[in-house]
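The values are calculated or read from the model by the stated rules, or taken from the named source; none is laboratory data. Keep in mind that this is a model prediction, so the values were computed, not measured. Methodologically, a virtual Cβ is constructed for each residue, glycine included, from the backbone with ideal geometry; neighbour enumeration extends over all protein chains shown.
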C-alpha cells in the first residue's frame, strides 16, 4: 500500500537570475541526493515554455503540464519516473502560450498538485532563467529560495537583481546561495562573499551559504550522455558536493502551519497572477 504522509512538504525553489549558471543540474542532482537519503522527491520543471529537466535526464514524457491544463490528463499521469525513484513533473517545450498563464490555469494547477501531495516529502522547483512574474511567483510560493551563482560578474549582478526584486517588492528577507562551478570550497565562499557584500550594503536581506559545487569535467560528460552526474559518476567531486548539499537542505526547518504547503505553494501563484 502507498505510504500516505500528512507531514508538511518541504518546498525548495532553485533559481539563478540569468541562464547558464547550472540551475537545472543543481535541481536534478540535489533531488537525486535527497532520494538517496530516502526522501520522496518530486522535481517540478517550472520552466514552462522551455522545459529541460527531461532532456537532461534523457526522459521521454508522454504528457506535460500543458496536458494537465488542457484537462487531457491528471497530474498523476504526468509524473515521470526518473533515476533513483526521483519523480519528475515535465513542462512543455517550445510552447509560447505556456509562458503566459492566467489565474484560471494556475487554479487548475493547484488542484492538480494536491492530487500528488500525499506521496511526497520534498518538492524541488527548477525555475526558468530571468526575473519574469512567473519566476517570481514560483519563488514567493516556496519555503526556501536557493539562488545559484557562479564566479562571473554577470552571474553576480543578475543574482543581485533577482534578490533585490524578491526583497523590495515581495518582502523576502532570507535567501540561500549555492556557489556553482567553483574551483574549491574556498572559491565558493569567496563568490558568496561577493554577493553578500553588495546585498548587505543596499538590501534588508540575510543571505545564507548553502554550499559549493566544484567545476567538474565528469559533470559535463554526464550532461552529454543525458544522465545525472550523481547517477553516472557517483564518486565524482561534484556528486560528493551534491550529497553534502542534500544533507544541508534536509536539516532546514520546515514550517509547520497546517495549510498544507503545497496548496499554499500554488495558491500564492494564483493570487499573484490575479493581481497582475
**Asked** residue 164 passes all but one of (1) farther than 30 Å from residue 234 by Cβ; (2) touching a strand residue (DSSP E or B) at 6+ places or on another chain (Cβ under 7 Å); which number fails?
**Response** (2)
**Item:** Pair list, Cβ < 8 Å and 6+ apart or interchain, from segment 133-144 residues that are in contact (Cβ under 8 Å) with a residue 40 or more places away in the chain and on the phi > 0 side of the Ramachandran plot to residues that are part of a helix (DSSP H, G or I) and crowded, with 21+ Cβ neighbours inside 10 Å
**Value:** none
**Fill in**
residue 125: passes all of (1) modelled with pLDDT under 95; (2) in a helix (DSSP H, G or I) but (2)
**Request:** Inspect all residues belonging to segment 194-205 and state whether any of them is surrounded by 19 or more Cβ atoms within 10 Å (Cβ to Cβ), over 23 Å from residue 35 (Cβ atoms) and more than 19 Å from the chain's Cα centre (by Cα).
**Result:** yes
**Request:** Assess whether residue 190 counts as being over 22 Å from the mean Cα position of the chain (by Cα) and more than 26 Å from residue 134 (Cβ to Cβ).
**Result:** yes
**Asked** Looking only at segment 145-155, which residues are free of Cβ contacts under 8 Å to residues at least 60 places away in the same chain and crowded, with 17+ Cβ neighbours inside 10 Å?
**Response** 151
**Fill in**
Counting only helices (runs of 4 or more DSSP H) entirely within segment 177-234, those with at least 1 residues that are under 25 Å from residue 167 (Cβ atoms), without any contact (Cβ under 8 Å) to a residue 60 or more places away in the chain and out of contact with any strand residue (DSSP E or B) (no Cβ under 9 Å at 6 or more places or on another chain) are 185-202
**Number of the exception - residue 131 against (1) outside any loop (DSSP other than H, G, I, E, B); (2) buried (at least 19 other Cβ atoms within 10 Å of the Cβ); (3) over 13 Å from the mean Cα position of the chain (by Cα)** = (1)
**Item:** Hits in segment 171-188 - residues which are under 19 Å from residue 17 (Cα atoms) and surrounded by 13 or more Cβ atoms within 10 Å (Cβ to Cβ)
**Value:** 172, 175, 176, 177, 178, 179, 180, 181, 182, 188
**Prompt:** When segment 235-256 is examined, which residues are found to be surrounded by 17 or more Cβ atoms within 10 Å (Cβ to Cβ) and not in a helix (DSSP H, G or I)?
**Reply:** 236
**Message:** With farther than 24 Å from residue 34 by Cβ and buried (at least 24 other Cβ atoms within 10 Å of the Cβ) as the only criterion, which of 163, 213 stands out?
**Reply:** 163
